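The structure appears right after this line, and notes come after that.
The values are calculated or read from the model by the stated rules, or taken from the named source; none is laboratory data. These numbers were taken from a predicted model, which means no experiment stands behind them. Neighbour counts run over all protein chains shown; Cβ positions are idealised from the backbone, glycine included.
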Amino acid sequence: MIFRFAEETDCALILDFIRRLADYENMTDQVVATEELLKEWIFEKKKAEVLFVCEGGKEVGFALFFHNFSTFLGRAGIYLEDLFVLPEYRKKGYGKALLKKLSKIAVERGCGRLEWACLDWNKPSIDFYLSLGAVPLDDWKTYRLTGDTLKEMAK
């Protein structure tokens, strides 16, 4: 099991993983990302990072993450936006290995926490996260502004 950070030439591969995740989550209609956008935001603007886990030279899973900030802790954290392992490689420890690697990165960078969201219907993932000792934040509700609503708010 080998880890590697994505490079600019991996934009098509990153987009493929994003589309596969969206398909799993029944959200393919919401993917508007392009290779060009990924190149701009991940590699040129450096707003996110992508870590691959590989078996035999093939990328079998990915994690896309970025830094957030906790005012209470007074330090940055890592927010895991996406974690996906190809179906044929599940139950082999790749998801856990990605989370362990991200935890190590967070500790090495002095971050105060690693956090992520999970769809409430995704019982396999919820059970997996609980088995690792992750704690659900049931008292917090996520809110979002997007599209026209975001543009209207910006006026």
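Checked against (1) among the acidic types (Asp, Glu); (2) at pLDDT below 95; (3) under 23 Å from residue 32 (Cβ atoms), residue 82 passes all but a single condition, namely (2). On inspection, residue 77 passes the criterion of being within 28 Å of residue 123 (Cβ to Cβ) and touching a Ser or Thr at 6+ places or on another chain (Cβ under 6 Å). Taken together, the residues in the stretch 54-89 that are under 13 Å from the mean Cα position of the chain (by Cα) and either among the hydrophobic types (A, V, I, L, M, F, W, C) or closer than 16 Å to residue 15 by Cβ (or both) amount to 13. When the residues of the stretch 105-122 are narrowed to those that are at pLDDT 95 or above and of a type in the set (D, E, K, R), which ends up farthest from residue 66 (Cα to Cα)? Restricting to residues being at pLDDT 95 or above and of a type in the set (D, E, K, R), the top hit is 108. Scanning the stretch 8-43 for residues that are assigned to a helix (DSSP H, G or I), among the β-branched types (Val, Ile, Thr), out of contact with any strand residue (DSSP E or B) (no Cβ under 9 Å at 6 or more places or on another chain) and farther than 19 Å from residue 87 by Cα returns a single hit, 9.
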